[in-house]
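The values are calculated or read from the model by the stated rules, or taken from the named source; none is laboratory data. Model, not experiment: these values are computed from the prediction. Methodologically, a virtual Cβ is constructed for each residue, glycine included, from the backbone with ideal geometry; neighbour enumeration extends over all protein chains shown.
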Amino acid sequence: MQISPNAKKTEVVTATEDTLKIRLHAPPVDGKANEALIRFVSDKLNLPKSAVDITHGHTSRRKLLDVRAPGLMPESVGKMLTPAA
């Protein structure tokens, strides 16, 4: 994922086969953007926040997430996070 903090609203901007670009309303201070990302992803996937972790990129705009949800396939995650066109 590629994150852009300090946006007007939190939303998925683009989705490609290997990455999502997400704008976050939260500022990149004191972990607020990371918290907002976890909250956004968990809400979109209907999962508890504890099921989503940032595994790489805590201080970077590029992040790797670990989503623990039995039966949820990567293709489904991409579809659930992206807005309907």
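General observations
- Top-ranked residue in the stretch 39-66 [being among the charged types (D, E, K, R), more than 15 Å from Gly78 (Cβ to Cβ) and part of a helix (DSSP H, G or I); ranked as farthest from the chain's Cα centre (by Cα)]: Lys49
- Pairs, first closer than 17 Å to Ile22 by Cβ and basic (Lys, Arg) in the stretch 66-85, second at pLDDT 80 or above and outside any loop (DSSP other than H, G, I, E, B), C-beta under 6 Å, six or more apart: none
- When the stretch 8-48 is limited to residues that are hydroxyl-bearing (Ser, Thr, Tyr) and at pLDDT below 90, the one that is nearest to His58 (Cα to Cα) turns out to be Thr19.
- Sole exception among (1) surrounded by 14 or more Cβ atoms within 10 Å (Cβ to Cβ); (2) free of Cβ contacts under 8 Å to residues at least 60 places away in the same chain; (3) in contact with a Leu (Cβ under 7 Å, 6 or more places away or on another chain); (4) on the phi < 0 side of the Ramachandran plot for His56, by number: (1)
- Qualifying residue in the stretch 74-81 (condition: modelled with pLDDT of 90 or more and either at negative phi or exposed (fewer than 14 other Cβ atoms within 10 Å of the Cβ) (or both)): no
- Looking at Ala7, Ala36, just one residue is of a type in the set (Gly, Ala, Ser), in a helix (DSSP H, G or I) and in contact with a His (Cβ under 7 Å, 6 or more places away or on another chain), and that residue is Ala36.
- Residue selection: Ala26 fails the criterion of being in a helix (DSSP H, G or I) and either out of contact with any Lys or Arg (no Cβ under 7 Å at 6 or more places or on another chain) or surrounded by 15 or more Cβ atoms within 10 Å (Cβ to Cβ) (or both).
- Per the conditions (1) without any contact (Cβ under 8 Å) to a residue 40 or more places away in the chain; (2) in contact with a strand residue (DSSP E or B) (Cβ under 9 Å, 6 or more places away or on another chain); (3) not aromatic (Phe, Trp, Tyr), the sole criterion not satisfied by Asp18 is (2).
- Exclusive hit being surrounded by 11 or more Cβ atoms within 10 Å (Cβ to Cβ), in contact with a Gly (Cβ under 7 Å, 6 or more places away or on another chain) and not polar (S, T, N, Q), set Lys32, Lys21, Lys63: Lys63
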